[in-house]
Amino acid sequence: MPAVQPAHSDESATQFALGNKHFFEGNLEGAVQCYRRATAVNPNHAEAHCNLGNILRMQERYAEAEQSLTRAIQANPALANAYYNLGCLKKDQGRLNEVIENFGKALELAPQVELFYRDLSDAFFESGRLEAAEEVAVRGLMVNPGFDQLHFLLGCLYSAERKLEKAIDCFQRALFIQPEYYIAQSLMLHKLQNLCKWNGLTEQVQTLRHAVLTSPATEKTHIHPFHFLSLPDITAPEQKRCAQRYAQLEFLRPNYLRHKLGFEFNRPPNDKIRLGYLSSDFYDHATARLMVEIFELHDRSRFHVTAYSYCPDDGSAMRERLESAFDDFVDIRDDSDEEAARRIYSDRVDILIDLKGHTQNSRSQILALRPAPVQVNYLGYPGTMGTDFVDYIIADRFIIPPEQFEHYSEKVVWLPDCYQPNDRSRPLPQAPARSACGLPEEGFVFCCFNQTYKITPDVFDVWCQLLKAVPDSSLWLWANEPHAENNLRQEAANRGVDPKRLVMAPTIRDAERHLARLQCADLFLDTFPVNAHTTCSDALWVGLPVVTCAGETFPSRVAGSLLTAMGVPELITCSLEDYYRLALDLASDRNKLAAIRRRIVANRDTAPLFDSRRFAGNLESLYVETLGQHTRDTDNLNH
């Protein structure tokens, strides 16, 4: 933030004014020279030191920038902008505590500046100090109730605290002030989906689709790709466009820093292929439960395997198992993106696999710095990254058929069976009595243990039709968002179904107990357009048939991929009409359903889906091929 011009009548003031002119015209080097001349004439010209430090920070000349900003503060300890710019510098360097200290000082000196409230609140938010972040945001709105960005930030804070109704209210306020605040609208819509509040859903989806295709990407008009891909009726080309728009803003600074770092890979090959897995899910998390055995099975005679983790240690048995599964387990939580990238580069990683993509707590900015010659998008995010620094996305022939390749910025590489790994060592417990799960002992039990944001009105229509068509049937759902329960019951009543026929399952953290209770259901009903992922493989592991509907996008084809690899492709449909007919047929013909269930149980030991050793070998072959292709491409460029 540039400082305002002080009242000077000497040459220093003239150079300062000229520096400001150059700055606002985009001539940064010209501005630097003028500010230097201003401070040479008047060493106590605090504002010139401040503006010089700000530009040097923008140019990532951090040592010089800090020196100039420190001089500004020495010359005028009451100059709020100097503290603010120093806070921005510390943010660039990933020093969050110093960011908070300097933003706090700036706000103390200039409590009328709304920007200081926003950025201090955001820094508290990033550090996990949610109460402090909320308090600052609320104070800022008292200064300016019409500051849309603070309403938005407060909505994000309430979302993190699972106060979804309050979050929705904040996003609505931001949209009232700025109707084209599309990132606020997309977040609001995602929270409404979590709560299964579907009024106006179709109209809002159309607004966001239009925004993705027609509006320029700005801080307010970009839309998070993860929220976008869960919306009904979204196409694969639109998902790619959304990811590209998001990446233009999200990776702007890392792209600049990438060129500055200039990592080069024309060095002798490693004795083993070095794999680096980057994630914040190295704890008792769905991704870890899928991948852990694959990490253990990697052939150590050919591969050196490192985890780059940026999540806390949850003290779980899974965390302990993960730490033992890698050759090196590197905690990069407190490292800046640049420091993490330098570590990965110095470790001579050949292939860096990002297990997060555009999902919560992602640090894909590290990949933007290009610390490894081959970089891969895998498992965590079911879609394209829309960037130029991720080389490959791992899929299979069902997930991304050839005609869909153009909708991915990465080169699509196929695993031969299924893209999803699994852990054969997971438990296979006995089923409890239905009554222990709150279910009726008699009658047919449909279930869906997907998160509530995946449930759409069209799919819920089908579920209610099935409940009407199958006497004494129940619908067993996972109440991952408790406030959605009443809304779902009301939606059932609106469709002529007794709300008591919906049974809500509580969250169970213990994987063995969850797998045990799944066996009490008769048929798993998948969601669309975002399918079951881990929840589908969990169901198949315990022998529970899954009926799915496959579309054209990655997230709408996941369950179909799993069912194909399990040897039961007849459970895949391609329209909600066929989905309804198949589910009704299986619910009406217990012998047919029992036969499929027996086949799933029999295939558990032979089908590719749960053959972890086969999967690990196929994944390693894919890694070898991608690294070989990179080497060939590099050799061709050099010749």
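All of the numbers you see were taken from the coordinates with simple rules; none came from a lab. Keep in mind the model is a prediction, meaning the values are calculated, not measured. Every residue, glycine as well, gets a Cβ built from its backbone with ideal geometry; the counts of neighbours run over all protein chains shown.
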What distance in nm separates the simple spin-label points at Arg424 and Asp331, each placed 7 Å from Cα in the Cβ direction?
3.4 nm
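For each of Tyr181, Tyr35, count neighbouring Cβ atoms within 10 Å of the residue's Cβ, then give the residues from fewest to most.
Tyr181, Tyr35
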Once you sort the root eigenvalues of the Cα gyration tensor of the stretch 19-64 as a ≥ b ≥ c, which label holds: rounded (a/c under 1.5), prolate (a/b larger than b/c) or oblate (the other case)?
oblate
Just to compare against my own numbers: the Cα pair-distance distribution for the stretch 293-340, 10 Å bins, whole % per bin, please.
24, 48, 26, 2
Summed over the other residues with a beta carbon less than 15 angstrom from that of Glu570, with K and R at +1 and D and E at -1, the charge totals +1
Would you please state which residues of the stretch 411-425 a label at Asp314 would reach in this model, taking the label point 7 Å out along Cα→Cβ and a backbone N cut-off of under 17 Å?
423
Determine the equivalent ellipsoid of the stretch 265-415 by diagonalising the alpha-carbon gyration tensor, then write out the semi-axes as square roots of 5 times the eigenvalues, largest first, rounded to whole Å.
23, 19, 16
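To make sure I understand, if each residue's beta carbon is the centre and we count other beta carbons within 10 Å, what order do Lys90, Lys411 fall in, fewest to most? Numbers along the way, then the final one.
Values: Lys90 22, Lys411 13.
Fewest to most other Cβ atoms nearby, the residues stand as Lys411, Lys90.
At 0.36 nm per residue, and after removing the present C-alpha to C-alpha distance, how many nm does the segment from Asp10 to Glu406 gain when stretched out fully? Mind showing how you got there, number by number?
Values: separation 396, 0.36 × 396 = 142.56 nm, distance 6.14 nm.
Taking 0.36 nm per residue and subtracting the Cα distance, the gain is 136.4 nm.
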To the nearest 10 degrees, the tilt of helix 164-177 (Cα long axis) against the first principal axis of the alpha carbons of the chain is 50 degrees
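Give the Rg/Rh ratio for the stretch 354-503, taking Rg as the radius of gyration of the Cα atoms and Rh as the Kirkwood radius, to two decimals.
Radius of gyration relative to Kirkwood radius: 1.10.
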Using alpha-carbon pairs under 8 Å, 6+ residues apart, how would you state the relative contact order of the stretch 154-264 in percent?
20 percent
Can you grab the distance from the C-alpha centre of the stretch 192-233 to the C-alpha centre of the stretch 458-527, Å, no decimals?
26 Å
Which part of the stretch 290-320 falls in the paramagnetic zone of Arg348, meaning amide N under 15 Å from the point 7 Å along Cα-to-beta-carbon?
302-306
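Let's test the formula: R0 of 60 Å, r as the Cβ-Cβ distance of Thr507 and Gln33. What FRET efficiency results, to the nearest 0.05?
On the way: r = 61 Å, r/R0 = 1.01.
Calculated transfer efficiency: 0.50.
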Evaluate the charge dipole of the chain about its Cα centre and quote only its size in Debye, nearest 20, assuming +1 on the Cβ of each Lys and Arg and -1 on the Cβ of each Asp and Glu.
400 debye
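Once the Cβ-Cβ distance between Glu25 and Asn97 is put in as r, and R0 is 41 Å, what FRET efficiency do you end up with, to the nearest 0.05?
Details: r = 36 Å, r/R0 = 0.88.
According to the calculation, E is roughly 0.70.
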D for the stretch 434-610, whole µm²/s, Stokes-Einstein with Kirkwood Rh over alpha-carbon pairs at 4 °C and 1.567 mPa s: what number?
80 µm²/s
Distance between modelled label sites at Glu114 and Asp605, nm, 7 Å Cα→Cβ extension:
6.8 nm
Checked the stretch 126-283 against the a/c 1.5 cut and the a/b vs b/c comparison, axes a ≥ b ≥ c from its Cα gyration tensor; verdict prolate
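Sorted from fewest to most neighbouring beta carbons within 10 Å, what does the list Phe147, Phe265, Phe176, Phe615 look like? Walk me through the numbers on the way to the answer.
Working: Phe147 19, Phe265 15, Phe176 12, Phe615 25.
Listing Phe147, Phe265, Phe176, Phe615 from fewest to most nearby Cβ atoms yields Phe176, Phe265, Phe147, Phe615.
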Using only the alpha carbons of the chain, determine the length spanned along each of the three principal axes and report them from longest to shortest in whole angstroms.
95, 60, 44
List the residues, sorted by chain then number, that are 5 or more residues from Gly380 or on another chain and whose placed amide H is less than 5 Å from its amide H.
Lys356
Across the chain, where is the longest run that never hits GluC sites (Glu not before Pro) in a DSSP loop with at most 14 other C-beta atoms within 10 Å?
443-639
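Could you tell me the calculated FRET efficiency between Glu131 and Arg613, based on Cβ-Cβ distance and R0 = 60 angstrom, to the nearest 0.05?
Details: r = 48 Å, r/R0 = 0.80.
Result of the calculation: an efficiency of 0.80.
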Once you have a ≥ b ≥ c as the square roots of the Cα gyration tensor eigenvalues for the stretch 15-130, tell me rounded if a/c is under 1.5, and otherwise prolate or oblate according to whether a/b is larger than b/c.
prolate
How much length would be gained if the chain were fully extended between Ala286 and Ala469, taking 0.36 nm per residue of separation minus their Cα-Cα distance, in nm to one decimal?
62.4 nm
Would you calculate the separation in nanometres between label points at Asn144 and Glu323, each defined as 7 Å from the Cα along the Cα-to-beta-carbon direction?
4.7 nm
